[in-house]
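Each value in this text was obtained by applying a stated rule to the coordinates, not by laboratory testing. From a predicted model like this one, the values you see are computed outputs, not experimental measurements. Positions of Cβ are backbone-derived with ideal geometry, glycine not excepted, and every protein chain shown enters the neighbour counts.
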Amino acid sequence: MAGIRYRPPSAPSTALITRAGYDRLSQELEQLWQRERPEVVVALSAAAAEGDRSENAEYTYRKRQLAGIDRRVRYLSKLLKRVQVVEQKPHDQTQVFFGATVVVEDESAETITYRIVGPDETDASTNAISFDSPLARALMKKRGDDEVTVDTPGGRRVLFILSVCYDD
């Protein structure tokens, strides 16, 4: 078969999560299961009652929507059972560890704030980066005033750590 390449399985992600991340995913699961799924089931039943399902776009749409919700519910249910919530702050809060908020300055004097979180709660829009990412690994165990060099897809970056804190 041309075009099919073997891709080795990826390493399992670290099963750590912050309390805020766990609570957010739990709320999403509850929202899907308690509110959205029942609404879609009612709409699907109404669409099914309209007759010929083979030409019923509403019925097809609702079936796909329900399948998507069920997939996400299964994923979240399994995820929330396997993750470990990190509640305790490290003894040395001057060093970068899981859950830290790190303010860095790059070569162009731009200040960027990163939060080190679990892989299941990363969010590029808020600069929440995975504990497993190359940047987070480079920052680990560093302190304020340390300089860090990290290789990124855009090239090598040098960052200067301005502060490290652990917010609740």
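Does region 69-87 contain any residue that is closer than 26 Å to residue 23 by Cβ, buried (at least 16 other Cβ atoms within 10 Å of the Cβ) and without any contact (Cβ under 8 Å) to a residue 24 or more places away in the chain? Taking every residue of region 69-87 in turn, none turns out to be closer than 26 Å to residue 23 by Cβ, buried (at least 16 other Cβ atoms within 10 Å of the Cβ) and without any contact (Cβ under 8 Å) to a residue 24 or more places away in the chain. The strands (runs of 3 or more DSSP E) found wholly in region 56-168 and carrying at least 2 residues that are more than 24 Å from the chain's Cα centre (by Cα) occupy 147-152, 155-165.
Hey, could you check region 124-168 for residues that are free of Cβ contacts under 8 Å to residues at least 40 places away in the same chain and at positive phi and say which is surrounded by the fewest Cβ atoms within 10 Å (Cβ to Cβ)? Applying the filter and picking the extreme gives 155.
Of the set (1) among the hydroxyl-bearing types (Ser, Thr, Tyr); (2) surrounded by fewer than 13 Cβ atoms within 10 Å (Cβ to Cβ); (3) touching a residue at least 40 places away in the same chain (Cβ under 8 Å), all apply to residue 54 but (3).
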